[in-house]
Amino acid sequence: MSDTTQTTTHGVALTDVARTKVKSLLEQEGREDLRLRVAVQPGGCSGLIYQLYFDERVLDGDALRDYDGVEVVVDKMSVPYLDGATIDFADTIEKQGFTIDNPNAGSSCACGGSFS
């Protein structure tokens, strides 16, 4: 078996609240073929920014983990930056949306969307 056909796993955790929210969003879309993709990309005031979106593709080298029917995908380059990170969903007066708690982020900026 070649490495390109093997699916590796990743160390990103998805809380029950976030999993429930992802499931409800997918049900609203009427799509069973989408996964939650989390990635880091260059940018932001601290060097790296998070990306979190639905994706129908699984690319070569992606790491995939299933959380009771919700698949979370991380690309090969982002896996080391996101190992041990937790995706949660906040629904408060101050903030609504997905949050990423990442112990690997050495420093972050005031916007909370980028890190180094």
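Some points to look at:
- Across the accessible surface of region 1-104, with the other protein chains kept in place and a 1.4 Å probe, carbon and sulfur atoms take up 48 percent.
- Residues residue 95 and residue 56, FRET efficiency given R0 of 30 Å [Cβ-Cβ distance, rounded to 0.05]: 0.60
- Taken per residue, the accessible surface of region 4-86 reaches 57 Å², heavy atoms only and a 1.4 Å probe.
- Cross-link reach list, aspartates and glutamates versus residue 95, counting only Cα pairs under 19 Å and skipping chain neighbours closer than eight places: 16
The values are calculated or read from the model by the stated rules, or taken from the named source; none is laboratory data. All values derive from a computational prediction rather than experimental measurement. Every residue, glycine among them, receives a Cβ derived from its backbone with ideal geometry; neighbour counts consider all protein chains shown. Ligands, DNA and RNA are stripped out before the accessible areas are found, and what is left, the full protein with its side chains, is counted by its heavy atoms. Shrake-Rupley method; radii C 1.70, N 1.55, O 1.52, S 1.80 Å.
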